[in-house]
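Working notes, beginning with the structure itself.
The values are calculated or read from the model by the stated rules, or taken from the named source; none is laboratory data. Predicted model, so just to flag it, every value in this text is computed and none were measured. Because the Cβ atoms are built from the backbone with ideal geometry, glycine has one as well, and the counts that use them run over all protein chains shown. Heads up: the accessible areas ignore ligands, DNA and RNA and are worked out on the full protein's heavy atoms, side chains in. Shrake-Rupley method; radii C 1.70, N 1.55, O 1.52, S 1.80 Å.
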Amino acid sequence: LTVADGASANSITTAAASYDSSPFSVNSQETRPNGLAFNNDGTKMFISGHIGDDVNEYTLSTGFDVSTASFVDSFSISSQETDPMGLAFNQDGTKMFVTGWAGEDVNEYTLSTGFDVSTASFVDSFSITDQDDEPSSLAFNSDGSKMFLVGRENNKVYEYSLVSPFNLINVTGEH
């Protein structure tokens, strides 16, 4: 996505998108990829998927250029989720969050080394079955005090307040 001279970077209507014909296949690791996330500078890419029930990590020698990607490692989440969908990290990559349809929840993991899935360990999960049975994707605001989930069953965006930033232990409210 590029922004024309003088155009607002926040307005999609003034942006001009062009397809880069250098896609990167993740087929060797995942044949049904769902979630996608990058680290802050785009030198790491993460894919969650339904077939492998894992999160796959890739390095990109040029930030945000998927044609330079290479597979690094994967982390199995099958003990918590067998149909992973959305994927998100906190700012420094020491927390990872995965939504899924099988568990109908959000799973939280800590990474002892930021953006390195080989150092991930499960912390806890937060059920959203009272709101939606198909949590498809998630995002956080910049300070981690708000979590947003897209539910495919009810076609809604749900907003949650986190008492502790990027922590699913104390979650309040739902709009």
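When the chain is fully extended, how far beyond the present Cα-Cα distance does Tyr19 get from Ala102, taking 0.36 nm per residue of separation?
That works out to 26.5 nm of additional length.
Please say if the range 81-175 is rounded, prolate or oblate, where rounded means a/c under 1.5 for a ≥ b ≥ c the square roots of the C-alpha gyration tensor eigenvalues, and otherwise the choice is prolate for a/b larger than b/c and oblate otherwise?
Judged from the Cα gyration tensor, the range 81-175 comes out oblate (a/c at least 1.5, b/c at or above a/b).
Calculate the spin-label point distance for Leu36 paired with Ser78, positioning each point 7 Å from the Cα along the beta-carbon direction, and give it in nanometres.
Rounded to a tenth, the inter-label distance reads 2.6 nm.
Can you pull a Stokes-Einstein diffusion coefficient for the chain at 4 °C (1.567 mPa s), Rh from Kirkwood over Cα pairs, as a whole number of µm²/s?
Estimated via Stokes-Einstein, D reaches 77 µm²/s.
Rolling a 1.4 Å sphere over the protein heavy atoms, what is the accessible area per residue of the range 110-150, to the nearest Å²?
45
Cα centroids of the range 24-69 and the range 122-159: how far apart, whole angstrom?
A separation of 21 Å, based on Cα centres.
Roughly how many percent of the accessible protein surface of the range 52-108 is carbon and sulfur, given a 1.4 Å probe and a whole-percent answer?
Solvent-exposed carbon and sulfur of the range 52-108 make up 45 percent of the total.
How would you order 93-104, 152-163, 116-127 from highest to lowest mean count of nearby Cβ atoms within 10 Å?
93-104, 116-127, 152-163
For the range 7-131, calculate the relative contact order in percent as a whole number, restricting contacts to Cα pairs under 8 Å that are 6 or more residues apart.
Reported relative contact order: 17 percent.
Between Thr68 and Ile51, what is the label-point separation in nm under the 7 Å Cα-to-beta-carbon projection?
2.8
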